[in-house]
1. Only residues that are exposed (fewer than 14 other Cβ atoms within 10 Å of the Cβ) and either in contact with a Leu (Cβ under 8 Å, 6 or more places away or on another chain) or of a type in the set (S, T, N, Q) (or both): list them for the range 94-124, please.
2. Just checking, how many residues over the range 7-59 are of a type in the set (S, T, Y), more than 17 Å from F159 (Cα to Cα) and in contact (Cβ under 8 Å) with a residue 12 or more places away in the chain?
3. I'd like to check which helices (runs of 4 or more DSSP H) are fully inside the range 95-191 and have at least 1 residues that are out of contact with any strand residue (DSSP E or B) (no Cβ under 8 Å at 6 or more places or on another chain) and of a type in the set (S, T, N, Q).
4. Only one residue in E181, E153 is in contact (Cβ under 8 Å) with a residue 12 or more places away in the chain, under 30 Å from L60 (Cβ atoms) and within 22 Å of the chain's Cα centre (by Cα). Which one?
5. Filter the range 125-162 down to residues that are exposed (fewer than 13 other Cβ atoms within 10 Å of the Cβ) and closer than 20 Å to F21 by Cα, then give me how many there are.
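Every read-out reported here was derived from the displayed coordinates using simple, explicitly stated rules and does not represent laboratory data. Please read these numbers as outputs of a predicted model, since none were measured by experiment. Note that each Cβ is placed from the backbone with ideal geometry, even for glycine, and that neighbours are counted across all protein chains shown.
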Amino acid sequence: MEQHRSHLYGVMGEFENAKHFLHAVAKVRDAGYRNMDAYAPFPLEGLSEAMGLRRSWVPLVTLLGGLGGGLTGFGFQYWVNVFAYPMNIAGRPLNSWPAFIPVTFELTILGAATFAVFGMLAMNKLPHPYHPVFNVARFAARASTDRFFICIEATDPKFSVAESARFLQSLEAVHVTEVIEEDGPLEHGHA
């Protein structure tokens, strides 16, 4: 016998326009909710500030990747030309660094780009093929076209289903719904 186990992921409020949405996000944050997320069909200036998001670590990871790539490229060329296979050509020094610039530059770009992509994926916890908010039919149908959504997660210490729902309604949400997270089918056998 298969049975689905599910539990509450959070409460979601739907808003019709960006102005009310940004105001609501700021109010949710001011009310003390920290485990929340906001969804908009297009980028909104001021949304990150309203949510209280920290600065991203991706630029620092990109810098470290670029420095690592550049130092690796330069270091490898230096090691080959000075220690592993030294060749004195026309009396030039073994460490002829101007000749190392193209490879060093290319590996700097390669390291930075690689670290930027994988750092962004790791920090965004991607790929994430499933998210409980897609269990809400209104979200799945309208989130990428013309509606704005705020989801207060059940993991928030201040979360209460009734209180959180009432709070979203007080912020003029046009629709408030519970977000259910399904774990999938479970097989019950005899122990």
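1. Passing the criteria: N95, S96, N124.
2. Number satisfying all stated conditions: 2.
3. Details: elements: 101-123, 137-142, 161-170.
Passing ranges, in order: 101-123, 161-170.
4. Details: E181 fails: under 30 Å from L60 (Cβ atoms).
Among E181, E153, only E153 is in contact (Cβ under 8 Å) with a residue 12 or more places away in the chain, under 30 Å from L60 (Cβ atoms) and within 22 Å of the chain's Cα centre (by Cα).
5. Going through the range 125-162, the residues exposed (fewer than 13 other Cβ atoms within 10 Å of the Cβ) turn out to be 125-130, 134, 137, 140-141, 144-146, 155, 157, 162.
Filter again for closer than 20 Å to F21 by Cα, leaving 134, 137, 140-141, 144-146.
Selection size over the range 125-162: 7.
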